[in-house]
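The values are calculated or read from the model by the stated rules, or taken from the named source; none is laboratory data. Keep in mind that what you see is a predicted model, and the values were worked out from it rather than measured. A quick note on method: Cβ atoms are made from the backbone with ideal geometry, for glycine too, and the neighbour counts reach across all protein chains shown. Just so you know, the surface numbers come from the protein's heavy atoms only, side chains and all, with ligands and any DNA or RNA stripped out. Shrake-Rupley method; radii C 1.70, N 1.55, O 1.52, S 1.80 Å.
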Amino acid sequence: MEADSLLVIGIVVVLYAAVARRLDSTPISGPMVFVGLGVLLGTDGLGWLEADLSNSTITGLVEATLAVVLFSDASRVDLANLRKHWSLPGRLLTIGLPLAIGLGMLAGMLLLPNGAWQAALLAGIMLAPTDAALGQAVVTDRSVPVYVRQGLNVESGLNDGLALPVFEAGIAIAVAGFSASGASNVVRVLFEEVVFGTIAGVVVGLVAGPLLSRARRAGWTGRHWHGLATLGITAAAYGLAVTIGGNPFIAAFAAGLAYRPSVDLPMADDVSHDFAELLTMLAFIVFGAIVLGPNLSAFDWRIAVYAVLSLTVVRGLAVVISLLGSRNRWPTVGFIAWFGPRGIASVLYSFLLLEEAEQIPFAAEVVDVVMFTVALSVLLHGMSASWLARLYGMWFTDMEEEHEEMVESTEVHEHSLGRCADPAGEAASKRVHEPPSDAHHL
């Protein structure tokens, strides 16, 4: 990536940061801005951002983003509290996620230009994880019950990591179908990567958490260095996994899960989430500039229909079936069904798949489908998040007389994720989104 491209990206990030909170009260989301700017400034636009996927800087950005995002998401889930309130996210993850993969695969076999079941499987896997950041207002608007906000937050935080081994298996299956490698060898290698990656992450997380806690209590370190250490944990887990033959991304996710319960320090001191958000926005720029923009002409009606089905029918059926018997009201089920945005996990999976393009003939076609679906999700979920959150919040408030009987009123622990942990941002969100009534405070 040339110096002038870095200059453009730097200016874009600074300008967006200057108005980010103001944009929170509008239908314009961060991903919309960065993907749009990527398309505008990319090779097929103004030509100010010129790079290709073989560039080592791009590869490094993609891998670093996925590792940090996986660690950050996992480390911000309080497993002890999650076990007490597992019902909603548990159903979405254990029932909804596999259903989304299966239904996405079925739709792909019927609609994708290359109807091979391997291609359909990869598309289904890559579009199963959700990204709450694309509908930020949904998880920050205090008129939406915390039960729903946290359910969507936890689902988004965990499903990209849970889908990763399945994605790796999908790639292994696709490669095995077009090479001399035997199926047994593929299974063995995949098993080793998952097991060794998990071991590497757990070891690093369990060692780092108590070490930082004791150092902080003894006064040997402070908040600043503890925050930076979370990035070191991600790097150490990644490196150890590579050294022992494990999957480094699974290691980063496992490290986050192991680190969180082993540390007794404020999670607000963790800077990995802020770094993950920055890397995510850079990845969206790259996505728009060198993947989406140059391939806009590749879309046809089948890809468009698949994208719409993925965002509506596939997600909707998966949520409805997973929440059967849960006592959630139908407005809640519909709200959760719609807010399953496809975002950074799908984008990063696309980059990883393209790295295997020489071994998988249909890789580019699958990425076309995924990138169109993500682009549509960025637009639709970004535009609808604020007003649908307010509409749903008004419905919940109007049901005040029935709150005691509603599962949506369940008091759950609220994880401090992203801008939810920013007191000034939270105050601004309240001023913008909440009606002037104490009934809406949770």
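Kindly indicate whether Ser156 is open to solvent by 40 Å² or more (accessible area, probe 1.4 Å) and either modelled with pLDDT under 90 or in a helix (DSSP H, G or I) (or both). So Ser156 fails the test. Evaluating Asn55 against the criteria (1) of a type outside the set (Gly, Ala, Ser); (2) surrounded by fewer than 20 Cβ atoms within 10 Å (Cβ to Cβ); (3) over 19 Å from the mean Cα position of the chain (by Cα); (4) at pLDDT 75 or above leaves one unmet condition, (4).
Within the stretch 210-231, residues that are assigned to a helix (DSSP H, G or I) have Cβ atoms under 6 Å from residues that are of a type outside the set (A, V, I, L, M, F, W, C) and surrounded by fewer than 19 Cβ atoms within 10 Å (Cβ to Cβ) in these pairs: Pro210/Ser262; Ser213/Asp264; Ala215/Thr221; Arg223/Asp269; His226/Asp269; Gly227/Asp269, counting only partners at least 6 apart in sequence or on another chain.
For the stretch 220-239, what are the residues that are more than 21 Å from Asp274 (Cβ to Cβ) and either modelled with pLDDT of 95 or more or open to solvent by less than 60 Å² (accessible area, probe 1.4 Å) (or both)?
Answer for the stretch 220-239, where residues must be more than 21 Å from Asp274 (Cβ to Cβ) and either modelled with pLDDT of 95 or more or open to solvent by less than 60 Å² (accessible area, probe 1.4 Å) (or both): just Gly239.
The residue that is modelled with the lowest pLDDT, among those in the stretch 258-282 that are of a type in the set (A, V, I, L, M) and assigned to a helix (DSSP H, G or I), is Ala268. Looking at Leu317, Leu323, Leu296, just one residue is in contact with a Lys or Arg (Cβ under 7 Å, 6 or more places away or on another chain), of a type outside the set (D, E, K, R) and over 20 Å from Ser386 (Cα atoms), and that residue is Leu323. Selection over the stretch 205-219 of residues that are open to solvent by 40 Å² or more (accessible area, probe 1.4 Å), hydrophobic (A, V, I, L, M, F, W, C) and in contact with a helix residue (DSSP H, G or I) (Cβ under 8 Å, 6 or more places away or on another chain) gives a count of 1. In the stretch 21-39, the residue that is nearest to Ile344 (Cα to Cα) out of those that are surrounded by 15 or more Cβ atoms within 10 Å (Cβ to Cβ) and free of Cβ contacts under 8 Å to residues at least 40 places away in the same chain is Val33. Taken as a whole, the condition of being on the phi < 0 side of the Ramachandran plot and modelled with pLDDT under 85 applies to Ser184. Across the stretch 330-348, the qualifying residues are those that are part of a helix (DSSP H, G or I) and of a type in the set (Gly, Ala, Ser), and the one among them that is modelled with the lowest pLDDT is Ala345. Residues that are outside any loop (DSSP other than H, G, I, E, B), open to solvent by 10 Å² or more (accessible area, probe 1.4 Å) and touching a Gly at 6+ places or on another chain (Cβ under 7 Å) within the stretch 124-153 comprise just one, Ala133.
This table checks each residue for (1) open to solvent by less than 10 Å² (accessible area, probe 1.4 Å); (2) more than 19 Å from Leu61 (Cα to Cα); (3) assigned to a helix (DSSP H, G or I).
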{"residue": "Ser350", "(1), (2), (3)": "yes, no, yes"}
{"residue": "Val370", "(1), (2), (3)": "yes, yes, yes"}
{"residue": "His381", "(1), (2), (3)": "yes, yes, yes"}
{"residue": "Trp387", "(1), (2), (3)": "no, yes, yes"}
{"residue": "Leu391", "(1), (2), (3)": "no, yes, yes"}
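Would you confirm whether or not the stretch 87-96 contains a residue that is buried (at least 20 other Cβ atoms within 10 Å of the Cβ), of a type in the set (D, E, K, R) and out of contact with any strand residue (DSSP E or B) (no Cβ under 6 Å at 6 or more places or on another chain)? Yes: one or more hits.
Of all the listed residues (Leu121, Leu110), the sole one being farther than 25 Å from Gly325 by Cβ, free of Cβ contacts under 8 Å to residues at least 40 places away in the same chain, open to solvent by 10 Å² or more (accessible area, probe 1.4 Å) and of a type in the set (A, V, I, L, M) is Leu110.
Need a quick list: helices (runs of 4 or more DSSP H) entirely within the stretch 28-106 having at least 2 residues that are more than 30 Å from Ser409 (Cα to Cα) and among the basic types (Lys, Arg).
Those helices (runs of 4 or more DSSP H) do not exist here; none qualify.
Here the stretch 283-324 is the region considered, the condition is being in a helix (DSSP H, G or I) and without any contact (Cβ under 8 Å) to a residue 40 or more places away in the chain, and the residue that is farthest from Ala337 (Cα to Cα) is Ser297.
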